[in-house]
Amino acid sequence: MQNIKYSKKVKEHFLHPHNMGKIKNADGIGKLGNPACGDVMYIYLKIIKKNEKEIIKDIKFQTMGCAAAISTSSMITDIVKGKTLEEAFKITNKDVAKELDGLPPIKMHCSNLAADVLKEAIKDYYNKQKNRKIKYEKTACYKCCDSKKEMD
Amino acid sequence: MKQIYLDYAATTPVVKEVYDEMKDYFLKNYGNTSSLHILGQNADEKVEKVREKIKQKLNAKDHKVIFTSGGTESNNLAIKGLVYANKEKKHIIISKIEHDCILKTAKFLEKQGYEVTYLNVDKEGFIDLKQLEKSIKKETILVSIMHANNEIGTLQNLKEIGKICKEKKVLFHTDACQSFTKEKIDLEEFNIDLITINAHKIYGPKGIGALVIKNGIKLTPLLHGGGHEYGFRSGTLNVPAIIGFGKAIDVISKEDIKKMIDLRNYMIKEILKKIPTSKLNGPTENRLCNNLNFLFNYIEGESILLQLDMEGICISTGSACSSNTLETNHVANAIGIPKDKANGIIRISLGIETTKEETDIFIEKLIKIVKRLTDMSPLTK
């Protein structure tokens, strides 16, 4: 049996998350997760254009989940606020976990989805700007808790 | 920060009178009960007294007490030991809300060609006695139904189950780890053939339990060796732990039980009243005296647990065993809680030391934590 031990940073973000909430009239919204796994995350973006570049002016999140899900949500908002969409799009789930000084291995699978949700929000923003499509691969797991596990 | 421990269903502390009683058996009376000299014989005599005490507590008139390493071993010995010793019958019946050590033993036997019936439970966790009766066939050797469920506190009607088993001539085993010394158990009246009990849920030490079996029942031992415990469980007896087990039987008093029931009912009322997204899991009547289990919509139990822990309060999500795996809780499943809600469950279990003041502090913190997490959740309506 593994122990779930969270880093100090995870605990800080869990107790005092940054940028929690909703943005009214958001320019892009990402929604991912599976309540059966216990993790659901929404990310809201406000984008401004500056010198031909699109910059994340504001970002907020809502999350249902464990400390890993909540702290990764909070952390990614810190990482990408003020960044261009291009820069933000490069952030991976692993980067987020690293910034938090790591996550328990069991949490890497389902609860580390913040970067996916951010990409989903950016995709939503691009979709709203006609003819701009973008593709990416989700790296967190969204189905594993649906399948019945065989007991040993 | 003063810790508030509300996880007595996971384990209890060893109380001082139990610890004091055990000490001499580490330091002075350390004899091996199999030895013929005075140190050995003294230890043996004391162990036999504990056997008698357990039998008295259970009103076991025609039974043997087999000491084991605890609940898991007792349950394994009861089921595997029995089916291996009675090869002609290959069917057992259990419920869907048994502890993992019963469920996984049953799964293990299925792989070896045995047939297992998993009885359904209703939304409060009670088995259907009619389904039990119908499930018994001539190949059935054993019915194993736990007394008090470790997660939702449901107390099965052992008397009725025992009656059915007697009529149908099948053996009846019950896992009573959570209920022993807290609820009435009478092996004669309830017609129980085998019962699992242990010490660390009743203020005794960890690593000691017993399987009490009716005389005449054959078991194939899991551990072969020197032929201890009537040949059913070899290995030098853990004398200090057995002494502690014996002493622990007296720890929980009638007044303690009454106090825990009152506190439990008070907490149920307060939490349901003050947290609109909460729901009680398990029954309101025929519920273990110290068990509470709640579901909170829109949030995750582990987050509640973690924050309470940071604030000095120990509780549990579901059973302690499932909180470190991502498997959904099988008890929640069996009582019909949909998977997308089964992550919002916490279990609180009270002890003889629990005070009203502690429960009030807990409730106050719980309200704040649930509100914080609910406000954070995207699923909140």
Starting from the Cα-Cα distance between B:Leu27 and B:Tyr118, subtract it from 0.36 nm times their residue separation and give me the gain in nm to one decimal. 28.0 nm
Per residue of A:29-37, count partner chain C-beta atoms within 10 Å of its C-beta, then hand back the mean as an integer. 3
To the nearest 20 debye, what charge dipole does chain A have about its Cα centre, counting +1 at the Cβ of each Lys and Arg and -1 at the Cβ of each Asp and Glu? 500 debye
10 Å binning of all Cα-Cα separations within the range B:240-285, expressed as whole percents from 0 upward: 22, 32, 23, 19, 5
Cut-off 14 Å between beta-carbons: net charge of the residues surrounding B:Gln41, Lys and Arg +1, Asp and Glu -1: -1
Please find, in a Gaussian network model of chain B (springs between Cα atoms separated by less than 10 Å), the residue of B:Leu158, B:Leu305, B:Leu223 whose mean-square fluctuation is greatest. B:Leu223
Measuring from its Cα centre, the protein assembly as shown shows a charge dipole (+1 at each Lys and Arg Cβ, -1 at each Asp and Glu Cβ) which, in debye to the nearest 20, is 1640 debye
Could you tell me what % of all Cα pairs in chain A have separations over 19 Å? 50 percent
Under the 7 Å Cα-to-Cβ spin-label approximation, A:Thr139 and A:Lys8 lie apart by a distance in nanometres of 2.6 nm
When the charge dipole of the protein assembly as shown is computed with +1 at the Cβ of Lys and Arg and -1 at the Cβ of Asp and Glu, the Cα pointing farthest to the positive end, of B:Ala176, B:Gln112, A:Gly38, is that of A:Gly38
Using a simple charge model, +1 on the beta-carbon of Lys and Arg, -1 on the beta-carbon of Asp and Glu, nothing else, what dipole does the range B:166-221 show about its Cα centre, in debye to the nearest 20? 180 debye
Mean separation of Cα contacts under 8 Å (at least 6 apart) over the residue count of chain B, i.e. the relative contact order in percent, is 23 percent
For the residue pair B:Glu160 and B:Gln131, what label-to-label distance in nm results when each label sits 7 Å from Cα along the Cα-to-beta-carbon direction? 1.3 nm
Given the alpha-carbon gyration tensor of the range B:217-263, what are the semi-axes of its equivalent ellipsoid in whole angstrom, ordered largest first, with each equal to the square root of 5 times an eigenvalue? 35, 14, 7
Given the convex hull over the Cα atoms of the range B:214-355, what projected area results after averaging over all orientations, in nm²? 12.7 nm²
Expressed in angstrom and rounded, the centroid-to-centroid distance over alpha carbons for the range B:105-148 and the range B:168-235 is 19 Å
Counting partner chain Cβ atoms within 10 Å of every residue's Cβ in A:56-65, what's the average? 4
Stokes-Einstein, Kirkwood over Cα pairs, chain B, 20 °C, 1.002 mPa s; D in µm²/s equals 99 µm²/s
Give me the number: length gained by fully extending B:Lys218 to B:Asn59, i.e. 0.36 nm times residue separation minus the C-alpha to C-alpha distance, one decimal in nm. 55.1 nm
For the pair B:Ser234 and B:Leu36, what calculated FRET efficiency results from E = 1/(1 + (r/R0)^6), where r is the Cβ-Cβ distance and R0 = 25 Å, to the nearest 0.05? 0.85
Per the rule of 0.36 nm per residue minus the C-alpha distance, extending B:Glu189 to B:Tyr84 adds in nm 35.0 nm
Counting C-alpha atoms alone, how compact is the protein assembly as shown: give Rg to one decimal and Dmax as a whole number, in angstrom. 26.9, 94
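We did not get these values from a lab; they are worked out from the coordinates using the rules stated. The structure presented is a predicted model; accordingly, all values stated were derived computationally and were not measured. Please note: Cβ atoms are built from the backbone with ideal geometry, for glycine as well, and neighbour counts cover all protein chains shown.
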